[in-house]
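Just so it is clear, none of the values below were taken in a lab; they were calculated from the coordinates. Everything numeric here is computed off the predicted structure, so don't read it as measured data. All Cβ positions, glycine included, derive from the backbone under ideal geometry; neighbour counts span all protein chains shown.
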């Protein structure tokens, strides 16, 4: 069974540019999550999809971030325009079920550097 | 609100010696607690989890953790370190307040020396 995959693995962009990160969850997992780790900080929750619907987007930092999951399969996270403080590692996770105690399966992350 | 404190940012042990990675949590509700590990260029992998059953939890690769409510701790241990254990370890909590979001500690980097 293929795990969660993320593309690209690394991205270097200039301030003001746009970047789109992609996540492919484990097949059959309705729940998809985005997290990010800014340098020196904890991994922080961004949002949670159930199929194509946003269940919780309380962690999205501002309106420069747009997450989509059309068709309930893969998801994209767009940052437009990127700022220096957006640099970090963006993780995607998926789970078949959601709730207290259920495991979330993580991808390797996308390392974003904004210069 | 809940929070997680990993008491050591770096831990160094010799191969074959015990490992102790410390974690304290705060939670207003009955929490679920996890330890995840991340090896270089790999995704986060679940080591073990506590979800209100047995307080001593056994995980993969010989790791275990004990939930101590009175001490609000969930320390990760392993009797004998292996070189392949070198990685970054994250203590994670979730509860009814956080919903489905996982709340991570800052991580502990484990170095294993020959």
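Let me know the mean shielding of B:50-59 by other chains, meaning the per-residue number of their Cβ atoms within 10 Å of its Cβ. Don't skip to the end; give the middle numbers.
Working: counts 1, 3, 2, 1, 0, 0, 0, 0, 0, 0.
So the per-residue partner count for this stretch is 1.
Mind computing the radius of gyration and Dmax over the alpha-carbon atoms of chain A? Å is fine for both.
13.3, 39
How high is the relative contact order of chain B? Use alpha-carbon pairs under 8 Å, at least six apart in sequence, and give a whole percent.
Taking the mean separation of contacting Cα pairs over the length of chain B, I get 38 percent.
Taking every pair of alpha-carbon atoms in the protein assembly as shown, what share in percent sits in each 10 Å bin, from 0 to the bin with the longest distance?
So the P(r) values, bin by bin, are 8, 33, 35, 19, 5, 0.
Can you tell me the FRET efficiency between residue B:111 and residue B:64 if r is taken as the Cβ-Cβ distance and R0 is 30 Å, rounded to the nearest 0.05?
0.90
Suppose each label sits 7 Å from its Cα in the direction of the beta carbon; what would the residue A:30-residue A:85 distance come out to in nanometres?
The answer from the label model is 3.6 nm.
Could you identify which residue out of B:53, B:101, B:86 has the top mean-square fluctuation in a GNM of chain B using Cα springs shorter than 10 Å?
Evaluated over chain B, the most mobile residue of the options is B:53.
Given the options A:66, A:46, A:32, state which has the largest fluctuation in a GNM of chain A using a 10 Å cut-off (strictly under) for Cα springs.
A:66
Under the definition of Cα pairs under 8 Å and six or more residues apart, what whole-number percent is the relative contact order of chain A?
37 percent
Counting other beta carbons within 10 Å of each residue's own, what order do A:29, B:82, A:10 fall into, fewest first? Don't jump to the answer; show the numbers that get you there.
On the way: A:29 18, B:82 13, A:10 10.
Ranked by crowding around the Cβ, least crowded first: A:10, B:82, A:29.
Calculate the mean, over all residues of peptide A:82-95, of how many other protein chain Cβ atoms lie within 10 angstrom of the residue's Cβ.
Per residue, the number of nearby Cβ atoms from other chains is 1 on average.
Using only alpha-carbon positions, what ratio does the radius of gyration of segment B:1-59 give when scaled by 2.2 N^0.38 Å?
That works out to 1.30 for segment B:1-59.
Would you look at the GNM of chain B, springs on alpha carbons closer than 10 Å, and say which of B:29, B:100, B:89 moves the most?
Between B:29, B:100, B:89, it is B:100 that shows the largest mean-square fluctuation.
Largest first and to the nearest Å, give the Cα extent of segment B:3-113 along each principal axis.
40, 27, 22
Quickly work out the residue B:53-to-residue A:64 label distance, labels modelled 7 Å from Cα along the C-beta direction, and quote it in nm with one decimal.
Going by the 7 Å Cα→Cβ label model, 4.5 nm.
Which of rounded, prolate, oblate describes segment A:7-72, given a ≥ b ≥ c as roots of the alpha-carbon gyration tensor eigenvalues and a/c under 1.5 marking rounded, otherwise prolate only if a/b is larger than b/c? Provide the component values of the computation, followed by the final result.
Values: a/c = 1.66, a/b = 1.45, b/c = 1.14.
Judged from the Cα gyration tensor, segment A:7-72 comes out prolate (a/c at least 1.5, a/b above b/c).
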